[in-house]
Amino acid sequence: MSMTVQDVLDLPPLYEMTLRAGSQNLQNNVRWFYVAENEGIAEWIEGGELVFVTGINYVRDENNLLTLLEQAHQRKVAGLVVMTGEEFIHDIPASVIQRAEALGLPLIEQPYSLKMIEVTHIIGTRLVQLSQVKKSAEDVVTQLLMGDYPSLETIQLRAKHLELQVLGRHVIAVLKLSNIHALFHAAANAANESHFFKMKQQCYELLEQWRKQHAQSFPIIRQGDQFNMVLSLEQLNVDDWMKSLSALIQHMNSLDSELNVFAGLSNEVNSAVAFQRGFWEASQAQEIAADVQVDAGVCLYKDLGILKLLKAIPNKSVMQQFMQETLGMLMLNDKKHPYVLLETLDALLKENSNLAAAAQRLSIHRNTLNQRIQKIETLTGQSINSANFRLNASVALLIWQISHR
């Protein structure tokens, strides 16, 4: 539903085009085409273009072609097409082919016998067709996820027409940028807005490449800073998808030190009416992944346990009251370390009261840990070994993690 460099090469009328370098990035999306008529291209392109170099209006020697390669790489174009023939650019120099391969930039040779006006017409027409199909597919998937469609029969017929196998085995994934407030905390200005838009676009492009690498037919649905996906379970299971998404999220998080991506995965979805339920489950899992800052970046709905109940409580003040009554006294008036006792209690519970393991988790001495335990027991009036207190404290800590991170 979006055109890649490989798709361009696969178009029957363009069979004379030959790939010379950059085969590893043939899945680059082609947003549009641009015909280079000036010495450079950097100021004329925005990224995602398939750039055509003719040599008609400007003499292209080896150095100029190398310069264009560097500019194309910096501006993240989809690929570079060099027209060759007797009159202008005779052939592509070996140094240019080698550099394109090193940059991973698809470099294509087009003979002058293949008319430029025909090539651009074919590519432009196909891009428009794919755009229309993509919009229809996005509309169908959005209606399925929201449960907002005219009738079950109609939505299934539309999905079938678009070759979207809604009756197969799927899992819904929801990914969302978090910690956005950090970007706008200092000041909400045009530069921050531009950076935020760029981050969202980069995340979408990475997701789109990842989707195509895994041969997924359902389009990505963008909702502001959120991305919704439908993943097939025919080749990979839920755990496989979790591992793959976790690796992708790590790459996304490397784009910016402040903004992070967290994701949630639903239980299996195997019918049109189940998409809405799957979307809700994935959304719940994503929220909890962000709340508790899971290391993998991904939460499975099936693994949420008691958190499912906590998220389902409509009156959040009840949860906050329970948390305050159970652990509120452990929040200290220390601006630098207000939650040190809560973190200590959390480590103790996670390590099943194994003091050595808890001290190691907290990177503190055993004596320091013992002092903190005494303070916790004094402030709460409870023993760490009390089963009832451990249960209440575990639930209260989950509430605290959800609401304070």
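The values are calculated or read from the model by the stated rules, or taken from the named source; none is laboratory data. Note that the coordinates shown come from a computational prediction; the quantities given were computed from them, not determined experimentally. Reconstructed Cβ throughout: ideal geometry from the backbone, glycine too, with neighbour counts over all protein chains shown.
Selection within the range 108-125: residues that are surrounded by 12 or more Cβ atoms within 10 Å (Cβ to Cβ) and hydroxyl-bearing (Ser, Thr, Tyr). The member of this set that is nearest to Arg20 (Cα to Cα) is Tyr112.
Yes or no, residue by residue, for (1) more than 29 Å from His181 (Cβ to Cβ); (2) modelled with pLDDT under 95:
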| position | (1), (2) |
| --- | --- |
| Trp210 | no, yes |
| Gln213 | yes, yes |
| Asn228 | no, no |
| Glu234 | yes, yes |
| His251 | no, yes |
| Asn260 | no, yes |
| Ser266 | no, no |
| Phe275 | yes, no |
| Glu287 | no, yes |
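Might you let me know whether the range 175-196 holds any residue that is surrounded by 13 or more Cβ atoms within 10 Å (Cβ to Cβ), part of a loop (DSSP other than H, G, I, E, B) and hydrophobic (A, V, I, L, M, F, W, C)? No, the range 175-196 has no match at all. Out of Thr84, Thr67, one residue alone is among the hydroxyl-bearing types (Ser, Thr, Tyr), within 30 Å of Lys198 (Cα to Cα) and assigned by TED's automatic domain parsing to the domain that holds Gly22. It is Thr67.
Residues of the range 361-405 that are β-branched (Val, Ile, Thr), more than 34 Å from the chain's Cα centre (by Cα) and assigned to a helix (DSSP H, G or I): Thr368, Ile373, Ile376, Thr378, Thr380.
Selection of the range 199-215 for residues being touching a residue at least 60 places away in the same chain (Cβ under 8 Å) and farther than 17 Å from Arg75 by Cα yields Glu208, Gln209, Lys212, Gln213. Exactly one residue out of Leu341, Leu300 is in contact with a helix residue (DSSP H, G or I) (Cβ under 9 Å, 6 or more places away or on another chain) and either under 30 Å from Asp239 (Cβ atoms) or among the aromatic types (Phe, Trp, Tyr) (or both), and it is Leu300.
Scanning the range 282-315 for residues that are without any contact (Cβ under 8 Å) to a residue 24 or more places away in the chain and not aliphatic (A, V, I, L, M), we see that the one that is surrounded by the most Cβ atoms within 10 Å (Cβ to Cβ) is Asp303. So for the range 198-207 (the condition being charged (D, E, K, R), under 26 Å from Gln293 (Cβ atoms), in contact with a strand residue (DSSP E or B) (Cβ under 9 Å, 6 or more places away or on another chain) and not in a strand (DSSP E or B)), does at least one residue qualify? Taking every residue of the range 198-207 in turn, at least one turns out to be charged (D, E, K, R), under 26 Å from Gln293 (Cβ atoms), in contact with a strand residue (DSSP E or B) (Cβ under 9 Å, 6 or more places away or on another chain) and not in a strand (DSSP E or B). Among residues of the range 50-67 that are assigned to a strand (DSSP E or B), those with a Cβ under 7 angstrom from a residue that is among the charged types (D, E, K, R), sequence gap 6+ or separate chain, pair up as Val53/Arg60. Of all the criteria given as (1) among the polar types (S, T, N, Q); (2) exposed (fewer than 14 other Cβ atoms within 10 Å of the Cβ); (3) within 30 Å of the chain's Cα centre (by Cα), the one not satisfied by Asn57 is (3). Of the helices (runs of 4 or more DSSP H) lying entirely inside the range 292-352, those containing at least 1 residues that are over 30 Å from Leu248 (Cα atoms) are 316-327, 340-350. Specify the residue that is farthest from Gln401 (Cα to Cα); the eligible residues are those in the range 324-337 that are surrounded by 13 or more Cβ atoms within 10 Å (Cβ to Cβ) and modelled with pLDDT of 90 or more. Applying the filter and picking the extreme gives Met329. Between Val298, Val340, the distinction of being at pLDDT 90 or above and over 25 Å from the mean Cα position of the chain (by Cα) belongs to Val340 only. Could you check the range 134-179 and list, in sequence order, the residues that are among the hydroxyl-bearing types (Ser, Thr, Tyr) and in contact with a helix residue (DSSP H, G or I) (Cβ under 6 Å, 6 or more places away or on another chain)? Across the range 134-179, the qualifying residues are Tyr149, Ser178.
The single condition from (1) in a helix (DSSP H, G or I); (2) in contact with a Gly (Cβ under 9 Å, 6 or more places away or on another chain); (3) in the same structural domain as Thr18 (by TED's automatic domain parsing) that Leu145 fails is (3).
From the list Phe275, Phe262, Phe279, Phe218, exactly one residue is touching a residue at least 24 places away in the same chain (Cβ under 8 Å), assigned to a strand (DSSP E or B) and aromatic (Phe, Trp, Tyr). Which is it? Testing whether each residue is touching a residue at least 24 places away in the same chain (Cβ under 8 Å), assigned to a strand (DSSP E or B) and aromatic (Phe, Trp, Tyr) leaves just Phe262. When each of Gly47, Gly22, Gly40 is tested for being surrounded by fewer than 19 Cβ atoms within 10 Å (Cβ to Cβ) and closer than 28 Å to Gln216 by Cβ, the lone residue that passes is Gly47.
Against the numbered list (1) surrounded by 14 or more Cβ atoms within 10 Å (Cβ to Cβ); (2) modelled with pLDDT under 95; (3) small (Gly, Ala, Ser), Gly224 comes up short only at (1).
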